[in-house]
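Peer 1: Pasting a structure below so you can have a look.
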Amino acid sequence: MKKCLVCNSPDTSMFLECTDHFVSGEKFIVNRCKTCGFRFTANAPDEMSIAGYYHSENYISHSNTQKGIVNSLYHQVRKFMLGQKCKMIKHFTPGKKILDIGCGTGHFLNYMQHKGFQVSGVEIEPSARKFAMENFNLAVRSPRETLNEKHTGEFDVVTLWHVLEHIYDIKGYLEWIFDSLKPNGFLFVALPNFDSYDAQKYAKYWAAYDVPRHLWHFNPLTFEKLINQYEFQTIRVKPLVFDAYYNCMMSARYAGKKLSFLQGLFTGQISNFHSLFNPEKSSSVVYVVKKPGPKQ
Ligand SMILES: [Zn+2]
């Protein structure tokens, strides 16, 4: 049995059996740590064989096809969210040097570049990297290239938009990010949240388990525990209201519900209502994390 990534406890056991509805149809086990509550995909394929689990027409984060109403909505919302993310970053820091890890086809960085930011990206998928470089003229490196370089104190902002849960060497990355941020720099991390109403309602059908692509499953408590192992501080937890609708629509579809689109909208609304005054119950959240300034 694997040890808990967050608290190192060996006391973990099976919590759910989830199906990969997106690509393979295979079943995967989500384990739970009995000590801290952290959840992780226990039998995810190793890093060498995961690529095949991303190869689907359905995997819209990297695709530009606008098929179907969910995909079309996703693209509309993505456009809107670019502005929201930019606003949020500007709210916390005047810094302009930004690194987006898992930048995909580079839409976010392209947007930020037009807003006057000095941007660069990291992306594992060669075709997405090529798209970003050729279409948006962005500087995008592979994870290996990036992690092998020292960027000590270079960036004002590092972003991980729904990326950290996909990363195998999560601790190696966090260490590298901590080192690469300037003092008082900011890290923005968007993650699904298993404390949400929709995670509890849909249980093994909850789309944001997204096994085996999501290796790690967080709630605010376990995220905080992980980030505290560095000198990072979470200073704000912000809800991602559109993610609730998306997660619920996909979950309803996986659960075989008729009219999954409408059911998803409805459940997403309830989920957002539950988290209205408590962002820590949101379907997905952005953790605003700060690296402390130099010691006095
Ligand atoms: Zn634990």
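Peer 1: Averaging over all projection directions, find the projected area of the Cα convex hull of the stretch 168-256 and quote it in nm² with one decimal place.
Peer 2: Averaging across all directions leaves 6.3 nm² for the Cα convex hull.
Peer 1: What per residue convex hull volume, in Å³, comes out for the stretch 142-296 when only alpha-carbon positions are used?
Peer 2: Working: hull volume 17.0 nm³, N = 155.
About 109 Å³ per residue, rounded to a whole number.
Peer 1: With a 10 Å Cβ neighbour count serving as the proxy for reagent exposure, in which order, fewest first, do 18, 86 appear?
Peer 2: 86, 18
Peer 1: Using Cβ contacts closer than 10 Å as the measure, can you line up 88, 14, 81 from fewest to most?
Peer 2: Placing the least packed residue first, the sequence is 14, 88, 81.
Peer 1: Residue 48 to residue 278: FRET efficiency via 1/(1 + (r/R0)^6), r the Cβ-Cβ distance, R0 35 Å, to the nearest 0.05?
Peer 2: Once the sixth-power term is evaluated, E becomes 0.30.
Peer 1: Now a separate question. Divide by every residue of the chain the summed helix terms, -39500 (n - 2.57) for each DSSP H run of at least 4, and state the resulting mean residue ellipticity at 222 nm, rounded to the nearest 500 deg cm²/dmol.
Peer 2: It lands at -10500 deg cm²/dmol.
Peer 1: Separate question: Of all beta bridges DSSP finds with both residues in the chain, what is the antiparallel percent, to the nearest 5? Intermediate results must be reported in sequence, preceding the final value.
Peer 2: Details: 25 of 41 bridges.
The antiparallel fraction comes to roughly 60 percent.
Peer 1: Run the numbers for residue 134 and residue 114: contour at 0.36 nm per residue of separation, minus the present Cα-Cα distance, in nm.
Peer 2: Stretched fully, the residue 134-residue 114 segment lengthens by 5.6 nm.
Peer 1: What per residue convex hull volume, in Å³, do the alpha-carbon atoms of the stretch 66-223 yield?
Peer 2: Dividing the Cα hull volume of the stretch 66-223 by its residue count gives 136 Å³.
Peer 1: Enumerate the helices in the chain for which the Kyte-Doolittle hydropathy averages -0.5 or more and the C-alpha atoms extend at least 24 Å along the helix's axis, using complete DSSP H runs.
Peer 2: In the chain, the long hydrophobic H runs are 68-92.
Peer 1: At a Förster distance of 45 Å, what's the computed FRET efficiency of residue 11 paired with residue 92, Cβ-Cβ distance as r, to 0.05?
Peer 2: That pair, residue 11 with residue 92, gives E of 0.75.
Peer 1: For the chain, compute Rh as the Kirkwood radius over C-alpha pairs and then the Stokes-Einstein diffusion coefficient at 20 °C and 1.002 mPa s; write the answer in µm²/s, rounded to an integer.
Peer 2: It diffuses with D of about 110 µm²/s by this estimate.
Peer 1: Here is a follow-up. Taking residue 79 as the anchor, which aspartates and glutamates have their alpha carbon closer than 15 Å to its alpha carbon, excluding any fewer than eight residues away along the same chain?
Peer 2: Excluding near neighbours in sequence, the set is 243.
Peer 1: What ratio of Cα Rg to 2.2 N^0.38 Å holds for the stretch 106-186?
Peer 2: 1.08
Peer 1: Cα-based Rg (one decimal) and Dmax (whole number) for the stretch 194-233, in Å?
Peer 2: 12.2, 35
Read-outs throughout are calculated quantities, based only on the coordinates presented, and are distinct from any laboratory measurement. All of these numbers come straight from a predicted model, not from anything done at the bench. For neighbour counting, all protein chains shown are included, and Cβ atoms are generated from backbone atoms with ideal geometry for every residue, glycine included.
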